[in-house]
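First up is the structure itself, then whatever we jot down about it.
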Amino acid sequence: MNNFYQKEMETMPVEQIKKMQSEKLVKQVRYVYDNVEYYRNLMDEKGVSPEDIKGLEDLHKLPMLTKDDLREAYPYGLLATDLKNCVRIQSTSGTTGKRVVAFYTQKDIDMWEECCARAIVAAGGTNEDVCHVCYGYGLFTGGPGLNGGSHKVGCLTLPMSSGNTDRQIQFMIDLKSTILCCTPSYAAYIGETLREKGYKPEDNFLKAGIFGAEAWTEEMRHDIEKSLGIKAYDIYGLTEISGPGVSFECSEQTGMHINEDHFIAEIIDPDTGEVLPEGSKGELVFTSIDKEAFPLLRYRTRDICVLTRNKCSCGRTFVKMSKPMGRSDDMMIIRGVNVFPSQIEAVLLNEGYAPNYQIVVDRVNNSDTLDVYVEMDEKDFSDKVKDMTKKEKSLSAAIKAMLGINPTVHLVAPKSIQRSEGKAVRVIDKRKRLGINM
């Protein structure tokens, strides 16, 4: 199945891709240097000028950006154009309450939506399809990205957003949805619910699913494909770079093609920052070479993966990235949301609790669970169930306000959380036993 949204670009010879990337990089570095004081200062500190960047071979000379830089520059410090030229923001949660805010011009939106359109067409989408989008809408990039991509392809778009599974299924059956876009865990839940309602896979009209925003195993892919009677495709992105559609899976399903006309990918050693040769396992770094409003250069994603340029049966020449194999920081992805232990710690301190806690993440019935165990002070610990329940609900609401997802909070007796060499083990991610790298 060789489906292309922009065939000439997606099948361009590798030498031409690299030539185009080099030309765009030179222009983008000059643009960022002239318009983003924060990054200009980083370049000056490193002794690098735009004149030093003559092509891809010089990319390694540029300073890298991290989420700490985004937090320090919040909200406008990395904006490269006048605010009047921006038409939208998207956002994800930050590590200490400061959010990552990404700005978009109309050109940026068009580029992002074209990337998502490529993903939909690679999954077999055409203007005769009904694209059922139940990623979250609003600040989260999932819904708006796939919604825009669906429009570009010309699909009938169902902007369902997340939740209300009964309504999802009603529309899915009545309007004959053919492409499902959501997190893999929600796709699995829809499949289970359909089965409970007495539907067989052949009773729905779905042919493909585009699933991302959280890690999932090949076993989970096969289960979803079986329960919904579809072919399940992976998609990858991050708010800082644009959103979903930075890379996408084709019919070969052996990795995700990176849209190299818009993004340059590198793999680095997460400890030294050294650029590693193709085929090496390391941390993924992205450079945006077309973005106008929020053009990040050498942004460290913290995702660990491998880049390969083996010939693909689909005909695309864009480099492929493997599924992320873990992270070089302590971020977890829970129900599609980026979660750092430091966020929960910040809430505990805000609410007057000592930062003695343990986070337990699991996956039950294909859905992530988040339990937070918090030690009480001797003076505050009460064995009155009513008092404890009230405090747990209050703390749960405060954590939800920070993360956007509901945890189950357990207030426990002082010193009841097991120590390891005197230090509490903060995170227990039981999903790893299932082979899910978060």
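The values are calculated or read from the model by the stated rules, or taken from the named source; none is laboratory data. All of these numbers come straight from a predicted model, not from anything done at the bench. Please note: Cβ atoms are built from the backbone with ideal geometry, for glycine as well, and neighbour counts cover all protein chains shown.
Key figures for this structure:
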item	result
Selection count where residues are loosely packed, with under 15 Cβ neighbours inside 10 Å and either modelled with pLDDT under 95 or aromatic (Phe, Trp, Tyr) (or both), scope segment 76-97	3
Residue in segment 360-369 that is in a strand (DSSP E or B) and surrounded by fewer than 13 Cβ atoms within 10 Å (Cβ to Cβ) present	yes
Any strands (runs of 3 or more DSSP E) falling wholly within segment 85-190 and containing at least 2 residues that are within 25 Å of Cys250 (Cβ to Cβ)	130-133, 156-159, 179-182
Selection from segment 402-417 of residues that are β-branched (Val, Ile, Thr) and in contact with a helix residue (DSSP H, G or I) (Cβ under 9 Å, 6 or more places away or on another chain)	Ile405, Thr408, Val409
Enumeration of residues in segment 286-300 that are farther than 17 Å from Trp112 by Cβ and part of a strand (DSSP E or B)	Arg300
Checking Gly198 against (1) in a loop (DSSP other than H, G, I, E, B); (2) in contact (Cβ under 8 Å) with a residue 12 or more places away in the chain, the condition it does not meet	(2)
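Here is a yes/no grid of residues against (1) touching a His at 6+ places or on another chain (Cβ under 9 Å); (2) outside the structural domain of Val101 (by TED's automatic domain parsing); (3) under 19 Å from Leu70 (Cα atoms):
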position: Phe248; (1), (2), (3): yes, no, no
position: Glu266; (1), (2), (3): yes, no, no
position: Gly279; (1), (2), (3): no, no, no
position: Phe294; (1), (2), (3): no, no, yes
position: Leu297; (1), (2), (3): no, no, yes
position: Val306; (1), (2), (3): no, no, no
position: Ser322; (1), (2), (3): no, no, no
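To keep it simple, each residue is scored yes or no on (1) in a helix (DSSP H, G or I); (2) of a type in the set (D, E, K, R); (3) modelled with pLDDT under 95.
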{"position": "Gly209", "(1), (2), (3)": "no, no, no"}
{"position": "Trp216", "(1), (2), (3)": "no, no, yes"}
{"position": "His222", "(1), (2), (3)": "yes, no, yes"}
{"position": "Lys226", "(1), (2), (3)": "yes, yes, no"}
{"position": "His257", "(1), (2), (3)": "no, no, no"}
